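Have a look at the structure below before the remarks.
The values are calculated or read from the model by the stated rules, or taken from the named source; none is laboratory data. Keep in mind that what you see is a predicted model, and the values were worked out from it rather than measured. Cβ atoms come from the backbone with ideal geometry, glycine included; neighbour counts cover every protein chain shown.
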Amino acid sequence: MKYWHEQSRSCRIYLSAAYLASVPFAVLCFRAPNEFSLKWAMLAVTSIFVATINIRLPNLSAVISMGDVFILLILIRFGPGSALVAYWLNILAAHTAEIFRRHGRNLLRKILIHRWVFNLSCCTFSTWAMYRLYQLVLKLNLPDPIGLVLGLFSIAMGWFFVNTSTLSLALSFWMKRSFWSVWKEGIVLYLLNFLGSAAAAALISLFYERGGFLVFLLCAPIAVVLYELYHFYVQKYEQAEKHIQELNKLYLQTIEVLASAVDAKDRYTHGHIRRVQAYAEKLAVHLGVEGKNQMLAIQAGALLHDIGKIAIPEYILNKPTVLTETEYEKMKIHPVVGANMLSTIEFPYPLVPMVKSHHERWDGNGYPDGLKGEEIPLNARILSLVDCYDALTTNRPYRSPMSREEVIQFFRRESGRAYDPAVVQAFIDHLEEIEAAGKSVVVPTGGIWGINENSSASTGNGRKLEKAQPTLAYSKALIAGPEVQRELYSVFEFARADFQCLRPAEIFSFMGGKLQALVGFDAAVFYEADLTRGVVV
Ligand SMILES: [Fe+2]
Ligand SMILES: [Fe+2]
């Protein structure tokens, strides 16, 4: 949970509304018949004591408090106002104990007042709802124990719905997730807790009528056993959860090493995959992508989307000018190669379709399958946009990065053509946040080679030259105009080209392209000499 000033505007409005709305309900509770006797005080003190031994539900922002049983008991025996006071004290005691357990004596700095006040407001709503429902059942004049059981059942259900809906709504604002996805999480545990507490309260109430206050002495051992059992289960669950998280981390780290092999091969895109990952994650959250598996697919898919480039000759990948048709055709196989490579691994999340479709276009003119609109998986639609965004905002030798306005204009133009209009809209709406996510990415300067390519020839986000390149005063060249840069790149590309894997036609086309940038011509004729026979072929 964040501090008040870190909350979104909508969240602050919701919290303020809850604070205000709880006041009349508190008044109603206190105006109903209540009893603040010595017995009430003893029960309230017992509930506060028990409330401090609460159990945090794994993965959820809620706790199950053992004090709940006593609150219900106070509600049916002493009235809603008496229950509300005990409930408020319970919440304060439970939260303080929780913070103390986590942060020791530094607890004062960790207290989030707005969260406390919100919880107190929620208690007020649920206490009134429980009281009204209980009153309705009492009016039916059913004989005991049916009346008591039904009354407590209605209390449990009222409590369950009011509590889970107010809390889930707040969590959906805090975590920027849909209400439904938050609400359904842990729903069974909540329901069991509320029903269990109501059943325990019914039992204690029946005993209480017979044995008076001493009956609690009998209940204490049962409560302790139940608490220990539950605690044991929660601990086991947390251990398993921790193990899964560690495995996922290891998985992603392995994937990253694999992916950085491509990142290192493509000299213009250093850090590209990490930035694309950061952008994709942010955009996915704003598009309402939910579920751990979907997010993991996006994290891994962003890293691995260009893994198929391993099959593309380096001279094509690093070509500083526009690709020829043949080169482009070659480049276009990388999504399929990537998908084929990855399909041999059993990923527990939908990663392969994302990699395969990251160059599809919304209008159907993309590749490899020419998928159209929503036929393209959402995560691939997200990836294709952020992939392009990173290319546009990264310094390349043949053009400078686009400004924010130019980026917006570009994607507005391409909305409905290359990209999904909804994805474009979410991207433009949250561009500032997405930009910041990219800036916060730390790219190790040494890369996977462990060499710190420490050159003053920084090209912004672009990759620096490799050690193996010809010694060229590149830093100075970058200060020169783009024409000079292009020529230098052509010389450099020419020098380092590896012709072994190319057919003669490809070699000539490559050489022609490079020479064009250097000398300029309308037509070029190449002769291939057979040196063994001393003839021109
Ligand atoms: Fe790609
Ligand atoms: Fe990419």
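Points worth noting:
- Filter result (surrounded by 12 or more Cβ atoms within 10 Å (Cβ to Cβ) and polar (S, T, N, Q)) within the stretch 236-257: N248
- For H231, the conditions (1) out of contact with any strand residue (DSSP E or B) (no Cβ under 8 Å at 6 or more places or on another chain); (2) assigned to a helix (DSSP H, G or I) are fulfilled apart from (1).
- Meets criteria (at pLDDT 75 or above, in contact with an Asp or Glu (Cβ under 6 Å, 6 or more places away or on another chain) and not polar (S, T, N, Q)) for F49: no
- Of everything listed in (1) more than 19 Å from V352 (Cβ to Cβ); (2) within 16 Å of ligand 2 (Cβ to nearest atom), the single unmet condition for D306 is (1).
- Within the stretch 317-341, residues that are within 11 Å of P368 (Cβ to Cβ) reach partners that are of a type in the set (V, I, T) and assigned to a loop (DSSP other than H, G, I, E, B) with beta carbons closer than 6 Å, at six or more positions or on different chains, in the pairs H334/I312.
Here's the yes/no breakdown for (1) surrounded by fewer than 21 Cβ atoms within 10 Å (Cβ to Cβ); (2) part of a helix (DSSP H, G or I); (3) at pLDDT below 85; (4) within 11 Å of ligand 1 (Cβ to nearest atom):
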| residue | (1), (2), (3), (4) |
| --- | --- |
| V322 | yes, no, yes, no |
| K330 | yes, yes, no, no |
| P335 | no, yes, no, yes |
| G338 | no, yes, no, yes |
| M341 | yes, yes, no, no |
| H358 | no, no, no, yes |
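- Inspection of the stretch 377-389 identifies at least one residue that is within 12 Å of ligand 1 (Cβ to nearest atom) and surrounded by fewer than 20 Cβ atoms within 10 Å (Cβ to Cβ).
- Any chance A311 is more than 14 Å from ligand 2 (Cβ to nearest atom) and touching a His at 6+ places or on another chain (Cβ under 8 Å): yes
- Selection within the stretch 259-279 - in a helix (DSSP H, G or I) and modelled with pLDDT of 80 or more: H272, I273, R274, R275, V276, Q277, A278, Y279
- The residue that is nearest to A505 (Cα to Cα), among those in the stretch 292-320 that are away from ligand 1 (no atom under 13 Å from the Cβ) and not in a helix (DSSP H, G or I), is P313.
- Considering the stretch 402-439, and only residues there that are in contact with a helix residue (DSSP H, G or I) (Cβ under 7 Å, 6 or more places away or on another chain) and part of a loop (DSSP other than H, G, I, E, B), the residue that is modelled with the lowest pLDDT turns out to be M402.
- Enumeration of residues in the stretch 361-397 that are aromatic (F, W, Y) and away from ligand 2 (no atom under 13 Å from the Cβ): W362, Y367
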